[in-house]
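Participant: Quick one: structure below, then a few questions.
Nothing in this text is a laboratory measurement; each read-out follows from the coordinates by a stated rule. Predicted model only: the values in this text are computed from it and were never measured. Neighbour counts are summed over all protein chains in view; Cβ atoms, including those assigned to glycine, are modelled from backbone coordinates with ideal geometry.
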Amino acid sequence: MAKHVDSVTIFAIQGRVFDSISKVPLENVQVFFIDTGYDDVRSKKAHRLKIWQSDLNGKIEARLNYYWGRKTSVFYSHPKKTFAIALSKASYETRYFHFKESQLEGEKLTYFVKLEDVYMDRANKN
């Protein structure tokens, strides 16, 4: 018999974002979390959850307490525990970064997502 189990995973996301040509920090870059392998329902819909936006210096420093749930039984596989981070700003191409929890540094329920320096390209206007 399957039962539903709720859980929480905490993500600490850090990085900086710049224009790829001018190297100027980009302010107000929207940061989205996309569940691709935690929650039974949300991971199938690729729903974007806005969690932050970059500051005046292009800095991203976000913390997300992500509550998720799934069915458990001998017939249901364990969660893949994968997710994506999307960075989006008007007039720029959206950047996606894909992660597996098993490849992140962390302890217990908290994992560190290090984006480092991200350079965004201006969108082509054809």
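Participant: Quote to one decimal, in nm, the extra length available between residue 67 and residue 30 on full extension: 0.36 nm per residue of separation minus the C-alpha distance between them.
Facilitator: 11.2 nm
Participant: Still on this model: If a paramagnetic tag sat 7 Å from the Cα of residue 59 along the Cα-Cβ line, which residues of region 5-31 would have the backbone N under 13 Å from that point?
Facilitator: Inside the label zone: 14-17.
Participant: Now for a separate question. Can you sort 112, 83 by how many other beta carbons sit within 10 Å, fewest first?
Facilitator: 112, 83
Participant: Can you give me the relative contact order of the chain as a percent, contacts being Cα pairs under 8 Å and 6 or more apart?
Facilitator: 36 percent
Participant: Summing Lys, Arg as +1 and Asp, Glu as -1, what charge do residues with Cβ under 15 Å from the Cβ of residue 20 carry, residue 20 excluded?
Facilitator: 0
Participant: Give, as a single signed number, the net charge of other residues whose beta carbon lies under 10 Å from the beta carbon of residue 53, with Lys and Arg counted +1 and Asp and Glu -1.
Facilitator: Computed value for this residue: 0.
Participant: Follow-up question, since we're still on this one. Just going by the charge dipole of the chain, with Lys and Arg at +1 and Asp and Glu at -1 on Cβ, which of 106, 83, 4 is farthest out on the positive end?
Facilitator: 4
Participant: Under a plain spin-label model, where a point goes 7 Å from the Cα along Cα-to-Cβ, how far apart in nm are residue 96 and residue 115?
Facilitator: 1.6 nm
Participant: Rule-of-thumb check for region 1-88: C-alpha Rg over 2.2 N^0.38 Å?
Facilitator: In units of the globular-protein estimate, region 1-88 measures up at 1.34.
Participant: Given the Cα-Cα distance of residue 40 and residue 22 and 0.36 nm per residue of separation, how much length would full extension add, in nm?
Facilitator: In short, 2.3 nm is gained.
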